[in-house]
Amino acid sequence: MKVTSQGYAELLNALRSAVESEGMFVVMEVGPTEAAARRGESIPGNRVVGVFRNDYAVRTLRLSIPAMIEAPIRFYVTENEDGSTTLAWKRPSHVLAPYIEEGGEGLEEIGRELDAVFSAIATKAVRAPEPAQPD
């Protein structure tokens, strides 16, 4: 989990950009904030962002069909009361761990690879913006 001074919309945009820069894809987004607003309710920003890539899906399916219920693996963006934002996620190796008995070392390898990718995405997403340089 990482907390950043970035606002909710700013972190969501940074996350999408970081996902792309790591060669992954946002394959789904869902959250109650916008739906609540349409009903006249106001709640802090809250969004789940599912991230995956087809080659990982194919490799995973070849090792464990049941493991694919975990795809896409998700990031969770929440807006805090002080205006900061939190980016949370479960390590992909943890998410895939229940399927290791069936998927073996190959599935463990996928988990380790995705751990590195998700960590890089999170680091890029919450990196503080560069300060403006004086003229």
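Based on Cα contacts under 8 Å between residues 6+ apart, the chain shows a relative contact order of 32 percent.
Residues of region 69-108 falling in the label zone of SER21, defined by backbone nitrogen less than 19 Å from a point 7 Å along Cα to beta-carbon, are 75-77, 85-89.
Of all segments of the chain bounded by GluC sites (Glu not before Pro) found in a DSSP loop with no more than 11 other C-beta atoms within 10 Å, the longest spans 82-135. With R₀ set to 25 Å, the beta-carbon distance separating GLU101 from TYR76 gives a calculated FRET efficiency near 0.35.
Backbone phi angles across region 101-117, fed through the Karplus curve with coefficients 6.51, -1.76 and 1.60 (θ = phi - 60°), yield HN-Hα couplings of 4, 7, x, x, 4, x, 6, 4, 5, 4, x, 5, 4, 5, 4, 5, 5 Hz in residue order; Gly and Pro are listed as x. Ranked for footprinting exposure by Cβ neighbours inside 10 Å, fewest first, MET68, MET1, MET24 give MET1, MET68, MET24. Mean residue ellipticity, 222 nm, helices only, the chain: the sum of -39500 (n - 2.57) across DSSP H runs of n ≥ 4, divided by residue count and rounded to 500, is -14500 deg cm²/dmol. The local environment of TYR76, defined by Cβ-Cβ distances under 15 Å, has a net charge of +3 under the rule Lys, Arg +1 and Asp, Glu -1.
When only the Cβ of Lys, Arg, Asp and Glu is charged (+1, +1, -1, -1), the dipole of the chain relative to its Cα centre reaches about 220 debye.
None of the figures in this text is laboratory data; all of them are computed from the coordinates on show. Quick caveat: nothing in here was measured; it's all calculated off a predicted structure. All Cβ positions, even for glycine, are placed from backbone atoms using ideal geometry, and neighbour counts span all protein chains on display.
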